[in-house]
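In what follows, a single structure is set out as structure tokens and then discussed.
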Amino acid sequence: MTRMDTELLPKEGLVLCAVSGGADSMYLLVRLRELGFPVAAAHYNHGLRGEEADRDEAFVRDFCAGRDIPFVAEKGDVRAFAARERLGLEEAGRRLRYDFLERAADELGAAAIATAHTADDNAETLLLRLARGAGLRGLGGIPPRRGRVVRPMLGVSRREIEAYLRENDIPHVEDATNREDSYARNRVRHGAVPALETVDPAFVSAAGQTAWLLRQDEAFLTKLARNFLAANADENSVDAKALLDQPWPVASRAVRLMAGRELSLAHVRAVLKAARDGGAADVPGLRAARNKGRLVFGAENAPRLPERELAVPGRTPIPEAGLTVLAAKFTHCTEDVHKSYNIFSFQCENIYGSITVAGRRPGDSFRPAGRNCTKTLKKLFLEAGIPPWERDAVPVLRDERGILGVYGLGADQRVCAKPGDRDILRIEFRPEPDEGG
């Protein structure tokens, strides 16, 4: 019998199985049900393979219907999400898939989400990360548990799965992309793993053992880092000298723990350099700076605003900045124009083409109304006391000729309306309502 790790599964409650329809996920669903666990199936259609993807969804739906297994599905547009978020298709699909699984588990009241990652997947992951220069955490392979997501099949090989499905006459579908070598994982699967199995036929099992050993080392070093922080850190800062006195395995993990996010090797080195030499290090979503002998983690970098075309007339939400833009046309400019730098009145005749709202661009400059000079946004941000980590979240209005106005800084002289002017476009930035109650 195959090595399903049932210790990862809840003693009571529903297990939501992520089921693509392939051999691995069909094994997961059928085997858990056979072992007496109450199961439901969740299928995410990535919208990348056209009719074949729809075929897979219908297959899983019909299989579950014939066996009274609860089934939920969702279809997404991974390609559009990847383009919008500037992600690779694989990472975009993973994010959307796990988001769906978490929501489906909430709706069904599932105690756990089980995925069908196998021993072969684990070995392939170790090799991919080794090729990319990972440390202990990456070389530890696929974690058996992350939150309520569990992976009980990491001790089960693909050969065992295929044999079980044949012996029990369990159907499954084949994803044609699994045969293509355009994906790095497939090249490792079709080339590197078979080559290593000529060295040791039990390579997949041996790789799993190596990953397990490395996870134990990682857990021990992380515990040392946590103990160091407990003695030398507060909520958002750590004694810089004490940090630098630690050996690299402890100091690097302490930095990652303080940052509370994934950091590359280059980012960790930059933070430790700031601790040693002073100054600051900007890492994803965070700034670390040495101040009075302590390394302070704070001043989150604001998200960069994507470009959006303004609805005229209408509302344009800017969720990254917590704002909504209201645009409307008026026949006359009122006397209270430009009293606030969150409300602009523009002369329509001086606007060229559509209007967009986005973040700053390198080298941006404009001519603030009433100041008789052209200044770069960088200088204006400095004058206004806007710190560097907040500047990417400041909305900038543009037409086809350039900047129309900057939230908090004013309108450009070219389009700025005067009291009594006719044919006016009024643009107002309003804070988004607090939905917290």
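Can you tell me which residue among R276, R256 is modelled with pLDDT under 95, over 26 Å from the mean Cα position of the chain (by Cα) and assigned to a helix (DSSP H, G or I)?
R276
So, of the residues in the range 409-437 that are at pLDDT 85 or above and part of a loop (DSSP other than H, G, I, E, B), which turns out to be surrounded by the most Cβ atoms within 10 Å (Cβ to Cβ)?
The extreme case among them is V415.
Look through the range 239-249, keep the residues that are modelled with pLDDT of 95 or more and aliphatic (A, V, I, L, M), and return whichever of them is nearest to the chain's Cα centre (by Cα).
Selected residue: L243.
Any idea which of V312, V394 is in contact with a strand residue (DSSP E or B) (Cβ under 6 Å, 6 or more places away or on another chain), modelled with pLDDT of 85 or more and surrounded by 13 or more Cβ atoms within 10 Å (Cβ to Cβ)?
Selected residue: V312, the only one of V312, V394 that is in contact with a strand residue (DSSP E or B) (Cβ under 6 Å, 6 or more places away or on another chain), modelled with pLDDT of 85 or more and surrounded by 13 or more Cβ atoms within 10 Å (Cβ to Cβ).
Test A83 against the criterion of being within 16 Å of the chain's Cα centre (by Cα), in the same structural domain as R179 (by TED's automatic domain parsing), more than 19 Å from V150 (Cα to Cα) and surrounded by fewer than 21 Cβ atoms within 10 Å (Cβ to Cβ), and give yes or no.
Yes; evaluated as a whole, the condition is true for this residue.
Residues of the range 1-50 being acidic (D, E) and more than 19 Å from P171 (Cα to Cα), which ones?
D5, E7, E12
Could you pull out the residue among A280, A202, A288 that is touching an Asp or Glu at 6+ places or on another chain (Cβ under 9 Å) and not polar (S, T, N, Q)?
After applying the criteria, what remains is A288.
Return the pairs, sorted by first residue and then second, in which the second residue is assigned to a helix (DSSP H, G or I), the first residue lies in the range 117-129 and is over 17 Å from A202 (Cβ atoms), the beta carbons are less than 8 Å apart, and the residues are 6+ apart or on different chains.
Short answer, once both residue conditions are applied: H117/D24; L128/A184; L128/R185; L128/V188; R129/G138; R129/L139.
Closer than 19 Å to E57 by Cα and out of contact with any His (no Cβ under 6 Å at 6 or more places or on another chain), is that true of R103?
Criteria met by R103.
Which one is surrounded by the fewest Cβ atoms within 10 Å (Cβ to Cβ), of the residues in the range 176-196 that are in contact with an Asp or Glu (Cβ under 7 Å, 6 or more places away or on another chain) and within 25 Å of D54 (Cβ to Cβ)?
So, considering only residues that are in contact with an Asp or Glu (Cβ under 7 Å, 6 or more places away or on another chain) and within 25 Å of D54 (Cβ to Cβ), the one surrounded by the fewest Cβ atoms within 10 Å (Cβ to Cβ) is A176.
Kindly provide the set of residues from the range 131-149 that are surrounded by 13 or more Cβ atoms within 10 Å (Cβ to Cβ) and in a helix (DSSP H, G or I), ordered by number.
Answer for the range 131-149, where residues must be surrounded by 13 or more Cβ atoms within 10 Å (Cβ to Cβ) and in a helix (DSSP H, G or I): L136, R137, G138, L139.
Of all residues in the range 344-366, how many are within 12 Å of L404 (Cα to Cα) and either part of a helix (DSSP H, G or I) or modelled with pLDDT under 85 (or both)?
Residues in the range 344-366 being within 12 Å of L404 (Cα to Cα) and either part of a helix (DSSP H, G or I) or modelled with pLDDT under 85 (or both): 2 in total.
Go through (1) modelled with pLDDT of 95 or more; (2) among the hydrophobic types (A, V, I, L, M, F, W, C); (3) surrounded by 20 or more Cβ atoms within 10 Å (Cβ to Cβ) for F71 and report which single condition fails.
Condition (3) is where F71 drops out.
Looking at (1) surrounded by fewer than 19 Cβ atoms within 10 Å (Cβ to Cβ); (2) assigned to a helix (DSSP H, G or I), which one does L243 not meet, given that it meets all the others?
Answer for L243: the failing condition is (1).
Could we say that E57 is of a type in the set (D, E) and crowded, with 17+ Cβ neighbours inside 10 Å here?
yes
Of the conditions (1) over 25 Å from the mean Cα position of the chain (by Cα); (2) buried (at least 20 other Cβ atoms within 10 Å of the Cβ); (3) hydrophobic (A, V, I, L, M, F, W, C), V173 satisfies every one except a single condition; which number is it?
(2)
Restricting attention to the range 280-306, which residues are at pLDDT 85 or above and part of a loop (DSSP other than H, G, I, E, B)?
G293, L305, P306
Find all pairs meeting these conditions: Cβ atoms under 7 angstrom apart; at least six residues apart or on different chains; first residue within the range 229-257 and closer than 16 Å to R269 by Cα; second residue part of a helix (DSSP H, G or I) and charged (D, E, K, R).
L244/R276; L257/R226
More than 21 Å from I343 (Cβ to Cβ) and exposed (fewer than 14 other Cβ atoms within 10 Å of the Cβ): is that true of E400 in this structure?
Against the criterion (more than 21 Å from I343 (Cβ to Cβ) and exposed (fewer than 14 other Cβ atoms within 10 Å of the Cβ)), E400 qualifies.
Filter the range 86-116 down to residues that are more than 13 Å from A73 (Cα to Cα) and free of Cβ contacts under 8 Å to residues at least 40 places away in the same chain and give me whichever is surrounded by the most Cβ atoms within 10 Å (Cβ to Cβ).
If we take residues in the range 86-116 being more than 13 Å from A73 (Cα to Cα) and free of Cβ contacts under 8 Å to residues at least 40 places away in the same chain, then A92 is surrounded by the most Cβ atoms within 10 Å (Cβ to Cβ).
The values are calculated or read from the model by the stated rules, or taken from the named source; none is laboratory data. Just so you know, these numbers come straight off a predicted model, no measurement behind them. Ideal geometry is used to build each Cβ from the backbone, glycine not excepted, and the neighbour counts take in all protein chains shown.
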